[in-house]
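Working notes for the structure below.
Throughout, read-outs are computed from the coordinates displayed, never taken from laboratory work. Computed from a prediction, not measured in an experiment: that's the story for all the values here. Every residue, glycine among them, receives a Cβ derived from its backbone with ideal geometry; neighbour counts consider all protein chains shown.
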Amino acid sequence: MNLLQPLITRRALIRLAEPSDAGRLRRYRVQNREHLVPWEPWREEAYYELEHCAQTLADARDVVRQDRSYPMFALDLAGEEILASFTFANVVRGAFQACHLGYSVAARRQGQGLMQEVLEAALPWAFQRLDLHRVMANYMPRNERSGRLLARLGFEREGYARRYLQIGGVWEDHVLTSRIRES
Ligand SMILES: CC(C)(COP(=O)(O)OP(=O)(O)OC[C@H]1O[C@@H](n2cnc3c(N)ncnc32)[C@H](O)[C@@H]1OP(=O)(O)O)[C@@H](O)C(=O)NCCC(=O)NCCS
């Protein structure tokens, strides 16, 4: 499978983020601002502008080339609208072959099983195509939706880290989970 070849599921077209996605990414950020603010790092106002989105996508292309991170979008089947966004980030090679996974689904697509559908397709891709052994995903204990999603996807709880990530400017505890490659 080519890295640039999209994955198709019942409801989504999944592919790497591209420079041409700037307008789509801006719409996703603006439309989902209230939905995402409680779960993400503090964002400056410029984050919601087109120029910032274009820079994010230029950076995305660089980190993919460097095998450091794989920012991806799930779009509608026509490839017009971003429905969900996720990243296989902080790739470490050698004896670890691991990364962190971060994700969000658009507010109006939440509660429909779409994030699960997308990650069920993307995880085997990451294990096989990116040759990863471990994908780590961590969530705040109060983010019950995220915890349920990870459990359904077969992630196992590995620990609890105090004051682990700065979310909305506050160092928040996180539950640590991983899914390990099976074959
Ligand atoms: C975390 C997040 C991605 C979870 O999204 P989600 O839509 O709940 O996840 P799924 O795609 O697995 O959907 C599961 C829900 O859809 C429901 N559902 C409806 N139709 C379904 C179907 N055909 N198949 C499966 N589930 C379906 C399930 O019952 C479940 O709802 P429940 O948890 O209330 O029982 C989402 O809440 C989000 O984007 N949050 C903000 C960002 C965030 O927190 N990111 C993670 C930081 S760690």
Given H placed 1.01 Å from N in the peptide plane, which residues other than close sequence neighbours of LEU165 have an amide H under 5 Å from its amide H? GLU172
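I want the local charge near ALA58. Using Cβ-Cβ distances under 12 Å, sum +1 for each Lys or Arg and -1 for each Asp or Glu among the other residues.
Working: positive: ARG61, ARG65; negative: GLU18, ASP21, GLU51, ASP59, ASP62.
Once positives and negatives cancel, what remains is -3.
Suppose every K and R has +1 on its Cβ and every D and E has -1 on its Cβ; what is the size of the dipole of the chain about the Cα centre, in Debye to the nearest 20?
Details: 26 positive and 23 negative charges, 85 e Å.
I would put it at about 400 debye.
Quick one: net charge around CYS99, please, counting Lys, Arg +1 and Asp, Glu -1 for every other residue with C-beta under 14 Å from its C-beta. Walk me through the numbers before you get to the answer.
Numbers: positive: ARG68, ARG93, ARG129, ARG134, ARG179, ARG181; negative: ASP67, ASP131.
Net local charge, CYS99 excluded: +4.
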In the chain, if the dipole is taken from +1 on Lys/Arg beta carbons and -1 on Asp/Glu beta carbons about the Cα centre, which of LEU7, TYR70, SER20 is farthest to the positive end? LEU7
Among beta bridges that DSSP assigns inside the chain, antiparallel share in %, nearest 5: 90
Please report how far the C-alpha centroid of segment 66-104 lies from that of segment 6-28, rounded to the nearest whole angstrom. 11
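Starting from the Kirkwood radius over alpha-carbon pairs of segment 7-139, derive D by Stokes-Einstein at 37 °C in a medium of 0.692 mPa s and give it in µm² s⁻¹. The partial results should precede the final answer.
Numbers: Rh = 15.2 Å.
Diffusion coefficient, whole number: 216 µm²/s.
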